[in-house]
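Here the structure comes first, spelled out in structure tokens, and everything after it is commentary.
Each value in this text was obtained by applying a stated rule to the coordinates, not by laboratory testing. Every value quoted in this text rests on a predicted model; they were computed, and no experiment measured them. Reconstructed Cβ throughout: ideal geometry from the backbone, glycine too, with neighbour counts over all protein chains shown.
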Amino acid sequence: MQGSLSNFAGGVLLLLFKPFKVGDTVEAQGIIGTIKEIDILQTKVITPQRKLAIIPNGPLLNGNIINFNTEGILRCDTTIGVSYDADITKTIEALRKLATDHPLVLKDPAPQIVVAANADSSINIHVRPYTLTDDVWTVHWYLQQNFKPTLDAIGVEIPYPHQVEIQKQGS
């Protein structure tokens, strides 16, 4: 009974304060998806895998809710590792051009292209363009598909693990 009352109260508060609406993409209770339906006891969310998640309103309201639609734009965060032999200035310029040339990438705020880390086997560069919320996956997949051709064109290697097999003679 207490759970049902909590869910009912949560539903009333959700309908009153409206932290999200049908069609918004949210992260709540460990689930990311698009709000399909909000009723008095539960909220239905469709995940990117097209699964239906039913979240009771009590726990939903008591937890953190991230609404990806509030501002209407999102930053598309991607990272690419490049060889320590790469000319970093030239690499950043090429990656900036790759991002800014896409028509769905916003000019303002401008994309952020920055060295994120000097890792064990690569220099990791964050490529962070901004786009409308509905376009974030299109931009993400575009970048993933075009990182290698862009870097190949300027002679920059994307490092990957190598395995060396050593055999003891006479074994």
About the Cα centre, and with charges only on the beta carbon of Lys, Arg (+1) and Asp, Glu (-1), how big is the dipole of region 73-153? Nearest 20 debye, please. 120
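With a cut-off of at most 16 other beta carbons within 10 Å, and DSSP calling the residue loop, which chymotrypsin sites (Phe, Trp or Tyr not before Pro) in region 1-109 qualify? Please list them.
Y84
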Straight-line reach from K51: which lysines have a Cα under 27 Å away, not including same-chain ones fewer than 8 places off? K18, K21, K36
Which entry in [x] 137; [y] 148; [z] 194 is this structure's computed volume of the Cα convex hull per residue in Å³? [z]
Relative contact order of region 2-67, pairs being alpha-carbon contacts under 8 Å that are 6 or more residues apart, as %: 37
The chain, relative contact order [Cα under 8 Å, separation at least 6], %: 19
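Please give the charge dipole size of region 2-67, origin at the Cα centre, charges +1 on K and R Cβ atoms and -1 on D and E Cβ atoms. Round to the nearest 20 debye.
Values: 6 positive and 4 negative charges, 30 e Å.
For this selection, approximately 140 debye.
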Mind checking the alpha-carbon convex hull of region 2-67 and giving the volume per residue in Å³? 67
From the backbone phi of region 111-119, what are the Karplus-calculated ³J(HN,Hα) couplings (6.51 cos²θ - 1.76 cosθ + 1.60, θ = phi - 60°) in whole Hz, Gly and Pro given as x? x, 9, 10, 9, 6, 9, 6, 9, 7
Please list the non-local residues whose amide H lies under 5 Å from the amide H of T43, H modeled 1.01 Å from N, same-chain partners needing a gap of 5 or more. I55, N57
At a Cα cut-off below 27 Å, give the lysines reachable from K148, other chains included and same-chain residues fewer than 8 away excluded. K90, K97, K107
Under unit Cβ charges (Lys, Arg +1; Asp, Glu -1), what dipole magnitude, rounded to 20 debye, does the chain have relative to its Cα centre? 420
Which listed residue (F8, Q169, V127) has the Cα farthest towards the positive end of the charge dipole for the chain, taking +1 on Lys and Arg C-beta and -1 on Asp and Glu C-beta about the Cα centre? F8
Where the centroid of each part is defined by its Cα atoms, how far is region 1-43 from region 121-147 in Å? 31
What is the pair-distance distribution P(r) of region 73-153, computed from all Cα-Cα distances in 10 Å bins starting at 0, with each bin given as a whole percent? 19, 54, 24, 3
